[in-house]
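Have a look at the structure below, then the notes.
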Amino acid sequence: MGVYTKDLGRYKNIAEKYKRAKETIKISMPIEFEKNIYRVLEYFKPSFFEKTTTGILVITNDGFLVKDKKIQREVLRIYYYLDILLEDESINRLKSAIASEKEIKKEILNYNDAIDVLNTSGSNIKGIDKVIDLLKKLPDIKRENNKAIEEYLCFVEKYRNCDVINSNIIDELLKVYRNVLLINFKRVKEINKARMLYDSLKEFSSKNKKRISNRLNGMSLRFARLEMIVDRLKNILVIYDKILDMDDERYIEYLKLQENININNKLKLIRE
């Protein structure tokens, strides 16, 4: 869904008035707040890796600058979530996160192989049953995650052709979207349950894959696959380190806090 465009149309004059050197501009779709229609103009400058937002204008549908702080904040809040929840790139990222059944079945084969290795060679590692239980659960959690994303994408279709966005639509979408995040959070929490074993498992698999006897009997490749799985699990915990000790409620509050910080940062870029 195209939630903004570079075609400024009748807003070109006010957009150009506040434009600085080398900036490009995009304008949002109509945003409704308290029965009035607004637009957001966002200014960018190209940087080495990506475009950096350098300024923002909140304007009325007639093209007049909005200076009221309450209106600025509420319109920018809707605009911020609009980008996350409905913008094409965001939707495509969600679609790419859906694992095909073929991918899941391949993952199951790798996990079952790792479980077999752990049962035969790693039974002396204390607590290894936690890792085995995790590897059995992960494919089902991935299917659950697929289902949640697909439900969200179906929900998005309701609003694909809407001409105006408002806080009611955003709040509806946000509720379903956060369910997707909570299922991913569930996966991370499951992975975290066995975190104390990953270093010893890494050492165990790395050492065994190098043994000459394992190279000769074909076990070396299986230990290498186990090591790759362990590395992947450890990397996930590094990415989500800040939230590992949270429950669902605290995690949602954390998300809201981060979102408010991002909205406040956008407010600081408003030009008047």
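What follows draws every value from the coordinates through simple rules; no lab data is involved. This structure is a prediction, so every number in the text was calculated from the model and none was measured. We place every Cβ from the backbone using ideal geometry, glycine too, and count neighbours over all the protein chains shown.
Once both axes come from the Cα atoms, what is the angle between helix 101-121 and the longest principal axis of the chain, in degrees from 0 to 90, rounded to 10? Roughly 40 degrees, rounded to the nearest 10. Taking amide hydrogens as modeled 1.01 Å from N in the peptide plane, which residues meet the under 5 Å criterion relative to Gly55, leaving out close sequence neighbours? Placed amide hydrogens put Tyr43 under 5 Å from Gly55. Relative contact order for the chain using alpha-carbon pairs under 8 Å, separation at least 6, rounded to a whole percent? Worked out over the chain, it gives 20 percent.
Using θ = phi - 60° in the Karplus curve 6.51 cos²θ - 1.76 cosθ + 1.60, the 3J(HN,Hα) couplings for the stretch 223-239 round to 5, 5, 5, 4, 4, 4, 4, 4, 4, 5, 5, 5, 5, 4, 5, 5, 4 Hz; x is entered for Gly and Pro.
Applying 1/(1 + (r/R0)^6) with r as the Cβ-Cβ distance of Ile243 and Asn13 and R0 = 30 angstrom yields a FRET efficiency of 0.05.
Pairs of Lys residues in the stretch 4-69 are counted when their Cα atoms are under 23 angstrom apart and they lie 8 or more places apart or on different chains; the count is 28. Would you be so kind as to identify which of Ser47, Asn92, Val131 lies farthest towards the positive end of the dipole of the chain, taking Lys and Arg as +1 and Asp and Glu as -1 on Cβ and the Cα centre as origin? Among Ser47, Asn92, Val131, the one farthest towards the positive end of the dipole of the chain is Ser47. Suppose we look only past 15 Å in the calculated P(r) of the stretch 7-102. What percent of the Cα-Cα pairs does that tail hold? More than 15 Å apart: 65 percent of the Cα pairs in the stretch 7-102. Largest GNM mean-square fluctuation across Arg211, Arg222, Arg160, computed for the chain with C-alpha springs under 10 Å, falls on Arg211.
Among Ile98, Ile125, Ile149, the residue with the largest mean-square fluctuation in a Gaussian network model of the chain, with springs joining Cα atoms closer than 10 Å, is Ile125. With P(r) over Cα pairs in 10 Å bins from 0, in percent defined as stated, name the option among [x] 6, 28, 35, 24, 7, 1; [y] 7, 27, 31, 21, 11, 3, 0; [z] 6, 23, 25, 19, 14, 9, 4, 1 computed from the structure displayed. The value matching this structure is [z].
Computed about its Cα centre, the charge dipole of the chain is approximately 940 debye, with only Lys, Arg, Asp and Glu carrying charge at their Cβ. What is the calculated FRET efficiency for Lys106 to Cys154, with r their C-beta to C-beta distance and R₀ = 41 Å, to the nearest 0.05? Computed FRET efficiency for Lys106 and Cys154: 0.95.
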